[in-house]
1. What are the residues in the range 56-93 that are loosely packed, with under 11 Cβ neighbours inside 10 Å, closer than 30 Å to residue 27 by Cβ and of a type in the set (Asp, Glu), if any?
2. Condition first: closer than 30 Å to residue 6 by Cα and either of a type in the set (Val, Ile, Thr) or in contact (Cβ under 8 Å) with a residue 60 or more places away in the chain (or both). Now tell me which residues in the range 28-76 satisfy that.
3. If you scan the range 1-55, which residues turn out to be acidic (Asp, Glu), surrounded by 11 or more Cβ atoms within 10 Å (Cβ to Cβ) and either over 29 Å from residue 66 (Cβ atoms) or not assigned by TED's automatic domain parsing to the domain that holds residue 65 (or both)?
Amino acid sequence: MVKAMKKVALSEVKDDLSKYLRIAEKEEVVITRHGKPAGVLVGFASDDQWFDYQLENDPRFLQRIQRARASLRKGKGVKVEDLAKAKPRRTKR
């Protein structure tokens, strides 16, 4: 899903930051300085959105995903179809 973007001058954001944080929960707010984009205000409507944002921007997580994809391209890993066919393992109690 692509969020809509709203452009707002830095002076407006400085005057009413809480208003623009509420707006940013629904759409990204591009902050402009002298009419040119200078930054983006990204809001989070839930803790889940905040968690997702952290993962999507964590270099360690992104490197781990890259390594996993490379491993899959080399033929390592388990296909989802094979998981469905596998017998459940019993655990000792």
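1. 56
2. Start the filter on the range 28-76 by keeping residues that are closer than 30 Å to residue 6 by Cα, which leaves 28-59, 61-62.
Correct list: 29, 30, 31, 32, 40, 42.
3. The initial filter retains those residues of the range 1-55 that are acidic (Asp, Glu), namely 12, 15-16, 25, 27-28, 47-48, 52.
From what is left, the residues that are surrounded by 11 or more Cβ atoms within 10 Å (Cβ to Cβ) are 12, 16, 25, 27-28, 52.
The answer is 12, 16, 25, 27, 28.
The values are calculated or read from the model by the stated rules, or taken from the named source; none is laboratory data. These figures come from a predicted structure and were not determined experimentally. Cβ sites come from the backbone with ideal geometry, for glycine too, and all protein chains shown count toward neighbours.
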